[in-house]
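One structure is given below, encoded as C-alpha cells.
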Amino acid sequence: METKKCYIYPLFIILLLLLKSKDLLGQTTVKGVVTDQRRRAIPFASVSIKGSYDGASTDSMGRFLFQTRQQSTQTLLVKALNFETDSLNVNLNELPDSLHIRLMEKANMLNTVTISAGNFVSGIQGKGIALNALDIATTPGMAADVFGAMQTLPGAQLAFGESGLMVRGGAPAETKTFIDGMLMKNPINAQVQGLSSRARFSAFNFRSTDFSTSGYSAQFGQALSSVLSLQTNDLPKKTSTSIRLLSVGGEVQQNIRHNNSGLVLTASLYDLKPSYTYINKSQIDWQQHPKSNSIGAQFIQKTSAIGLFKYYMDYSDSKMGIQNMALATDTAINPTGVRDDRSLGAIAIRNRNSYINSTYQDMVGEHWKLETGLAYNYAKDHIALPLGLAQRIDQSAQLRAVATYFIGTLSSLRFGTESFYTHRKDALDELFRAYQEQLTAAFTEADVFFNRKMVLRTGLRSEYSSYLRRFNVSPRLALSYKLNANSQVAANYGLYYQNPADKYLLLTRLGFEAVQGYVANYEFKKTDYNFRSELYYKRYSQLVREHNGILSNNGDGYARGLDLFWRDRKTLKNAEYRISYSFLDTERLYMDYPVSAVPTFASKHTFNVFWKKYLSAINTQVGAGYLFATGRSYYNPNNAHFLGDKAPNYHNTSLNANYITSWFKQLTVIYLNVDNVVGNRQVFGYQYAAGGGERQTILPATRRNILFGIIVTIGDKTFYD
C-alpha cells in the first residue's frame with residue numbers, strides 16, 4: 001500500500017505542474033466596445049496592446065475581441081479616424097467582462113467650431129444634421145427621391161418642369177453630383193424638356209450626404225452654384241435581403257457580410273403605366289409611359305484598421321415617349337421656349353447609363369491619409385423626333401488622388417490632383433458633332449484651428465482645359481467662430497469656374513463661365529434643435545450668350561438672398577418638424593436673352609414646412625408637408641417686356657404614413673404617400689407658338705400623385721439608421 005502511494009504522489013505533483021504550465025502558456029481574452037462621447041459606436045477603431053502585435057479592429061457596432069499572451073499591467077492604445085488617440089492601463093490578470101472605451105471627437109465636437117457656411121451635412125460625417133436617408137425617404141411629396149428631398153432645403157428651388165438641383169439662382173447644370181469624391185456626370189434618368197425626372201440612385205445606398213449650397217471645398221470644381229457629395233455605405237451590418245414592392249415597380253437588395261468584406265447587390269424595375277392608368281390620372285399624352293430598370297453592385301473590403309477599398313457599379317435603362325411635344329428637345333436649339341413647328345409631334349427617348357466608381361483610403365504612417373479614386377461614366381440616348389432619329393453619347397472618366405496631413409489634434413493640410421476626360425457626340429440622322437477634352441486640376445487646402453473657437457479654411461484650385469485651351473485659378477476662403485457651446489458665426493468667399501454646357505461646346509470653343517460668391521452665416525445647434533440663417537451674394541460673369549447667332553462669353557448676372565432653416569425634435573412629443581424659407585433676387589443676361597431678366601427657373605419666395613410623428617401604439621409614423629413657391633416668369637411673345645409674365649403661385653400639401661410591422665417574423669414597412677392632397681391645379685407656365693397666337697399649358701405629369709408600397713427586410717430586424 002505504501003509503495004502504491006509513493007507512485008501516486010509523484011504523479012499527482014507532475015499533473016499539477018502540467019496544469020500550472022498550461023495556465024502559464026494560456027491566453028487572455030480582451031473584449032469590449034468603443035464609442036464616442038454620446039455613446040454611439042465607432043466602427044473600424046484600432047485597439048491594440050502597446051509594444052506588441054496583439055489587437056483587433058472594431059466592427060460596425062464598435063465591438064472588439066482579441067487574445068493575448070501578455071500578462072500583468074499593459075497599455076491599451078485606441079485609435080480611430082477623426083477621433084483623439086486614447087490610451088489606458090489595464091491589468092490583464094483582473095480584466096472585467098467587457099471594457100467600455102470612449103473616444104473624444106476631433107473637429108466635430110460640440111465644443112469645437114466647425115466649417116458650416118453654405119453646407120448641410122447628414123450622416124456620420126457631420127453633427128449638424130440636415131437630412132439623413134430616412135428623412136429623404138419619408139419627406140412628404142418627394143417620393144423618396146434624393147434630389148426632390150434636397151429641394152426642400154433652404155437655398156434650393158422646387159423643380160417644376162426641370163430635372164436636377166437649382167441652387168441660389170443657379171441653373172440645374174450648375175450643380176454637380178459626386179459619389180465618394182468622384183463625379184457622376186449623368187445622375188438623372190431619361191429626360192425631356194418640361195418634365196422633371198428622378199435621380200438614378202436610392203438614398204439608402206449612402207451613409208451621408210453633404211449638400212453645399214455655396215462655399216464648397218477646393219477639392220471640388222466645375223460647379224458654379226452647388227455640390228451634392230454622397231458617401232456610399234461602409235460594410236453592411238449583417239447578411240440580409242430587402243424586397244421593396246411599390247405601386248410603380250419593385251426593387252430587391254441583397255446584403256452579404258463577411259468578417260472584413262461585404263457585398264451589396266440590387267436590381268429594380270419601375271413602370272409608371274399602371275400608376276398613370278389606374279391610380280393617378282395623367283395630364284400628359286404618353287406615347288411611352290416612363291419605364292426603367294437597373295442593376296447595381298457595391299463591394300467593400302477592409303484592408304486595415306481604417307483602410308477601406310470600395311467598388312460601386314450601377315447600370316440603368318430608362319425610356320419615355322410623349323405625343324404632341326410642343327418644345328424642341330434641347331434648350332440650345334430653343335432656349336426661350338418658343339415653339340418651332342418642326343418640333344410638333346411625338347418624341348421618344350431611351351437612355352442607357354453605366355457608372356463605375358472605385359476608391360481606396362488608408363492612413364500612411366501616423367499623420368498622413370491617402371485617398372485615391374477612379375470613375376467612368378457612359379451614357380447613350382436614342383431620341384426619336386419628327387425631324388429624324390437623334391443620338392447622344394456622353395463619356396467621362398476621372399482619376400483622383402488626395403493626401404491629407406494631420407497637424408496636431410484638429411488642423412490639417414490637404415493636397416490633391418485629378419484629371420477628367422470627356423467625350424461628347426450628338427447626331428441627327430447622318431449629321432453629327434463631337435468634341436473631347438482633358439481637364440486637369442490641382443488643389444491644396446488647409447484647415448487651421450487657432451483654438452477650439454476659431455477655424456480658418458483656405459484653399460486654392462487651378463484647372464486647365466485642353467479643349468478650351470485656358471487656365472483658371474480659384475481661391476477659396478472660409479472663417480468660422482464659435483460664440484458659445486451652441487452657436488457660431490461664419491463667412492466664406494470663393495471664385496468658381498465651370499465649362500460651358502456640352503451643347504455649346506459642340507458648336508464652338510468658348511471660355512470658362514465664372515461666379516464670385518459671398519456668404520455670411522449664423523447657426524444655433526443643440527441635440528434636438530437646429531437654426532441657421534444665411535445671407536449670400538453671387539456675381540456671375542463670362543456666361544454663354546447668343547447674340548445675332550454668335551456664341552460668346554459676354555453674359556453676366558447676379559443672385560442675392562436670404563435663407564432660413566429651423567428644425568425641432570423636442571417640443572412636440574414623439575414628433576419633429578422643420579421649416580425653411582428662401583428669398584431670391586436674381587437676373588441674368590445669357591443664352592439668347594435680349595435683355596437682363598429673371599430666369600425661368602427662379603422663384604422669388606419659397607417656403608417649406610414638414611412635420612412627422614411616431615405613433616407607438618400602432619407602430620406608425622405619419623407625416624405632412626406644405627410647399628409654397630411664387631410663380632416663375634415665362635416667355636410670352638405678345639408681351640413687349642421680355643419674360644414679363646408670371647405663372648400662378650405653387651401650393652402643394654402632401655401626406656404620408658409608414659406602418660412598421662412583422663410578416664413571418666421579418667421586418668415589414670407598409671408605405672403610403674399622397675402628393676397634392678387638395679388637388680390644386682399646378683400651372684408651371686405656358687408655351688407659345690412662333691406667332692404668339694396659340695399657347696399650351698405646362699402641367700405636371702399628374703394632378704395628384706399617390707404612391708404606396710411594401711418593404712420587407714429578411715434577416716435584419718432593425719430599421720434604417
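Numbers below:
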read-out	value
Residue in the range 465-474 that is within 24 Å of the chain's Cα centre (by Cα), at pLDDT below 95 and not acidic (D, E) present	no
Filter result for A403 (more than 30 Å from L103 (Cα to Cα), assigned to a strand (DSSP E or B) and within 25 Å of the chain's Cα centre (by Cα))	no
Pair list, Cβ under 7 Å, 6 or more apart: the range 35-61 residue without any contact (Cβ under 8 Å) to a residue 60 or more places away in the chain, other residue charged (D, E, K, R) and in a loop (DSSP other than H, G, I, E, B)	S48/D54
Count of the range 360-400 residues which are part of a loop (DSSP other than H, G, I, E, B) and under 30 Å from S292 (Cβ atoms)	2
Flag if N548 is among the polar types (S, T, N, Q), free of Cβ contacts under 8 Å to residues at least 12 places away in the same chain and farther than 21 Å from K176 by Cα	yes
Test: L246 is hydrophobic (A, V, I, L, M, F, W, C), surrounded by 18 or more Cβ atoms within 10 Å (Cβ to Cβ) and closer than 30 Å to K538 by Cα	no
Among the residues listed as S580, S533, the single one being surrounded by 19 or more Cβ atoms within 10 Å (Cβ to Cβ) and either of a type in the set (S, T, Y) or not assigned by TED's automatic domain parsing to the domain that holds T440 (or both)	S580
Any hit, the range 638-661, residues being among the aromatic types (F, W, Y), within 23 Å of the chain's Cα centre (by Cα) and crowded, with 16+ Cβ neighbours inside 10 Å	no
Selected residue [on the phi < 0 side of the Ramachandran plot and modelled with pLDDT of 90 or more] from T702, T653, T718	T653
Residues that are surrounded by fewer than 18 Cβ atoms within 10 Å (Cβ to Cβ) and either in the same structural domain as S57 (by TED's automatic domain parsing) or not polar (S, T, N, Q) (or both), drawn from the range 287-304	I295, A297, F299
Single residue of the range 456-476 satisfying the filter (in a strand (DSSP E or B) and of a type in the set (D, E, K, R)) that is surrounded by the fewest Cβ atoms within 10 Å (Cβ to Cβ)	R470
Residues of the range 409-434 classified as at pLDDT 90 or above and either of a type in the set (F, W, Y) or buried (at least 19 other Cβ atoms within 10 Å of the Cβ) (or both), total	10
Members of the range 38-77 found to be over 22 Å from S261 (Cα atoms) and among the aliphatic types (A, V, I, L, M), listed by number	I49, L76, L77
For Y496: the one exception among (1) free of Cβ contacts under 8 Å to residues at least 60 places away in the same chain; (2) closer than 21 Å to S419 by Cβ; (3) aromatic (F, W, Y)	(1)
Residues satisfying the stated conditions in the range 158-198, i.e. under 17 Å from the mean Cα position of the chain (by Cα) and of a type in the set (S, T, N, Q)	S163, T175, T177, N186, N189, S197
Residue check, A689 among the small types (G, A, S), modelled with pLDDT of 90 or more and assigned by TED's automatic domain parsing to the domain that holds R588	no
Any hit, the range 511-520, residues being β-branched (V, I, T), in a strand (DSSP E or B), farther than 24 Å from T458 by Cα and out of contact with any Ser or Thr (no Cβ under 6 Å at 6 or more places or on another chain)	no
Which numbered condition F201 fails, given (1) without any contact (Cβ under 8 Å) to a residue 60 or more places away in the chain; (2) within 16 Å of the chain's Cα centre (by Cα)	(1)
The range 606-633 residues that are under 15 Å from F160 (Cα atoms) and assigned to a strand (DSSP E or B), paired with ones that are of a type in the set (D, E) and at pLDDT 90 or above (beta carbon under 7 Å, 6 or more apart)	S633/D645
Unmet criterion (only one of (1) buried (at least 16 other Cβ atoms within 10 Å of the Cβ); (2) over 24 Å from the mean Cα position of the chain (by Cα); (3) within 28 Å of T175 (Cβ to Cβ)) for E251	(2)
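Results for (1) closer than 24 Å to N530 by Cβ; (2) at pLDDT 85 or above, shown as yes or no for each residue.
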| residue | (1), (2) |
| --- | --- |
| T58 | no, yes |
| L65 | no, yes |
| R69 | no, no |
| V78 | no, yes |
| E94 | no, no |
| M104 | yes, no |
| N111 | yes, no |
| T114 | yes, no |
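The values are calculated or read from the model by the stated rules, or taken from the named source; none is laboratory data. Nothing here was measured: the structure is a model prediction, and the numbers come from that model. Here Cβ is always computed from backbone atoms with ideal geometry, including for glycine, and neighbour counts include all displayed protein chains.
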